[in-house]
Amino acid sequence: MNLPAYEQRELVLPAIGAWPESWHIFDDQQVRALRAAEAAGRPLLVQGDPGTGKSQLAQAAAVATERALLSVVVDARSEAHELMWRFDAVARLADAHLAALPGGKAPRSLRPVRYVEPGPLWWAFDWPGAARQLKANRCGGGKPQVPQGWHPDKGSVLLIDEIDKAESDLPNGLLEALGNGRFTVTPTGTVVERADKVPPPLVIVTTNDERELPAAFLRRCVVLTLALPKKPDELISFLVERGRIHFPALHAANAGVLSDAAAKLVEDRSAAERAGVYVPGLAEYLDLLRVLQRIGGDAGVQLAELNHFFYQKQPEA
């Protein structure tokens with residue numbers, strides 16, 4: 001089994017769909033976890049603080065291996081079958097009402113297959129079959145965006161984002177489909193299975209630990225925890241390294257502002273932890289550098305701006 005080496009550790013991530021252009025730095029821990037998940041054929045569960053790059057890891061893995069990125073963001077109303085297929089019962093009911101009117105006629109066949117839309121897991125298992133189903137479905141939807149020159153036998157990365165927002169039925173409901181490489185589309189009875197020569201998708205699941213995940217699901221995952229360094233000097237070095245990659249022009253013009261901004265973020269994290277409010281992290285650091293780059297000016301101007309973007313202690317009553 002040939003596993004990706006992820007040899008290119010600093011990777012440009014092109015804009016795709018709602019994802020803006022960005023950078024990703026693979027560390028040894030991430031590479032080992034990705035390779036372990038692929039070797040075991042199990043989902044990679046990525047946990048950690050917000051803003052540590054959990055979702056971006058899936059995008060980076062897809063770019064590094066030239067695979068398609070399929071993604072779904074989970075919420076409290078999500079159900080497991082929606083990751084496989086969606087049935088538009090409202091559209092079918094509306095069409096049936098039209099057909100029941102005097103002289104009325106449904107705008108399409110009322111057969112259930114006409115109202116089924118393939119979900120991301122369907123595309124990951126059987127891209128040609130999902131494309132045929134999408135053509136048969138007249139309710140809407142579209143093909144996922146894929147890299148230029150991509151074809152189904154290159155495989156895909158499936159990101160299931162923020163799974164902890166869902167009820168426990170969702171992760172449990174995915175176990176059979178992921179384990180067997182197949183599932184049944186209930187409204188039509190169709191069995192979808194991984195097509196010949198299509199590699200298993202690399203499934204990356206993220207959680208913010210808002211809700212405990214079922215033990216049965218956890219047992220079937222490779223787990224990766226992304227955390228910012230605890231020691232202030234190590235955290236500053238970590239942030240500056242990523243700031244240098246994301247904002248090379250800012251670094252070249254004023255390298256000191258990256259470390260000044262990192263030091264302010266470390267100070268702010270301590271104040272926020274003591275106050276019991278949201279603790280800023282890597283995402284906020286990169287947002288700050290983006291602001292400073294657009295503001296421009298000399299080092300003094302940029303340093304003065306730093307104080308406006310961090311937690312301010314409220315005066316005591």
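Of everything listed in (1) under 23 Å from residue 209 (Cα atoms); (2) modelled with pLDDT under 90; (3) open to solvent by 60 Å² or more (accessible area, probe 1.4 Å), the single unmet condition for residue 101 is (1). Among the residues of segment 139-146, none qualifies, meaning not one is open to solvent by less than 50 Å² (accessible area, probe 1.4 Å), modelled with pLDDT of 80 or more and assigned to a helix (DSSP H, G or I).
Looking across segment 9-26, the residues that are loosely packed, with under 11 Cβ neighbours inside 10 Å and free of Cβ contacts under 8 Å to residues at least 60 places away in the same chain come down to 15, 18, 20, 21. Check whether at least one residue in segment 64-85 is within 24 Å of the chain's Cα centre (by Cα), more than 30 Å from residue 189 (Cα to Cα), at pLDDT 90 or above and assigned to a helix (DSSP H, G or I), and report yes or no. Yes.
For segment 27-49, filtered to residues that are of a type in the set (A, V, I, L, M, F, W, C) and assigned to a strand (DSSP E or B), the residue that is surrounded by the most Cβ atoms within 10 Å (Cβ to Cβ) is 46. Taking (1) modelled with pLDDT under 90; (2) open to solvent by less than 80 Å² (accessible area, probe 1.4 Å); (3) at negative phi in turn, residue 135 satisfies each apart from (2). For residue 150, state whether it is assigned to a helix (DSSP H, G or I), open to solvent by less than 60 Å² (accessible area, probe 1.4 Å) and aromatic (Phe, Trp, Tyr). No: the conditions fail for residue 150.
Screening residue 111 against (1) without any contact (Cβ under 8 Å) to a residue 24 or more places away in the chain; (2) open to solvent by less than 60 Å² (accessible area, probe 1.4 Å) leaves a single unmet condition, (2). Looking at 192, 240, just one residue is at pLDDT 90 or above and either closer than 21 Å to residue 11 by Cα or open to solvent by 70 Å² or more (accessible area, probe 1.4 Å) (or both), and that residue is 240. On the stretch given as segment 259-291, residues that are in a loop (DSSP other than H, G, I, E, B) and open to solvent by less than 50 Å² (accessible area, probe 1.4 Å) total 3.
The values are calculated or read from the model by the stated rules, or taken from the named source; none is laboratory data. Not measured: the values here are computed from a predicted model. Note that each Cβ is placed from the backbone with ideal geometry, even for glycine, and that neighbours are counted across all protein chains shown. Note: areas computed on protein heavy atoms with side chains; ligands, DNA, RNA excluded. Shrake-Rupley method; radii C 1.70, N 1.55, O 1.52, S 1.80 Å.
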